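Notes for the one structure printed next.
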Amino acid sequence: MIRVQTDDFDVAQILAGMRQNNPKVGAMVCFVGLVRDMNDSAEVTSLTLEHYPEMTEKSLHGIVSQAKQRWDILDAAVIHRVGTLQPTDQIVLVAITSAHRQAAFSACEFVMDYLKTQAPFWKKETNSQGARWVEAKASDDEAQVRWTQ
């Protein structure tokens, strides 16, 4: 399941659906990203995410496909929200099922690292001083590079 949407998502419902009636699932790892109220020492009042729909979904499918080629995973869910979000809102869900925990942990971390660097999303933070586009972080690039070594 790969979705880009404005609406919030129900993590428990998605996880239940991924493991329902599948006795092969021995591990499930999930990451949920949230809007923080602070970034670079400035109070964040909202975060707006923009994207190109066709390009974004193609990119997400490609990232999940790479994870499936690298690890023996049973299922993957990636849900990424767009639009204007507030602090504490959910932004992204990455969930992976597999027979064993190591594949699920590795695949989940890989998908998240590639989402941060390869998926075409643009973020604009708003605070009391105005709005600014969020620049890519070197730490995200470094996290993604480790998967190529």
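Couple of notes before you dig in:
- Peptides ranked, highest mean first, by Cβ atoms within 10 Å: ranges 99-112, 10-23: 99-112, 10-23
- Taking the Cα centre of the chain as origin and assigning +1 to Lys and Arg Cβ atoms and -1 to Asp and Glu Cβ atoms, the resulting dipole is close to 480 debye.
- When the Gaussian network model of the chain links Cα atoms closer than 10 Å, the mean-square fluctuations of VAL134, VAL44, VAL35 top out at VAL134.
- Computed over neighbours whose Cβ is under 12 Å from that of GLY83, the net charge equals -1, Lys and Arg +1, Asp and Glu -1.
- Listed by chain and number, the lysines whose alpha-carbon sits under 18 Å from that of LYS58, ignoring those within fewer than 8 places in the same chain, are LYS68, LYS116.
- Inter-label distance for THR88 and ARG70, nm, one decimal - labels placed 7 Å from Cα along Cα-to-Cβ: 3.5 nm
- Taking every alpha-carbon pair under 8 Å whose residues sit at least 6 apart, the chain reaches a relative contact order of 33 percent.
Read-outs: derived from the displayed coordinates by stated rules, not from any lab. Being a predicted model, the structure only gives us computed values, none of them experimental. Cβ sites come from the backbone with ideal geometry, for glycine too, and all protein chains shown count toward neighbours.
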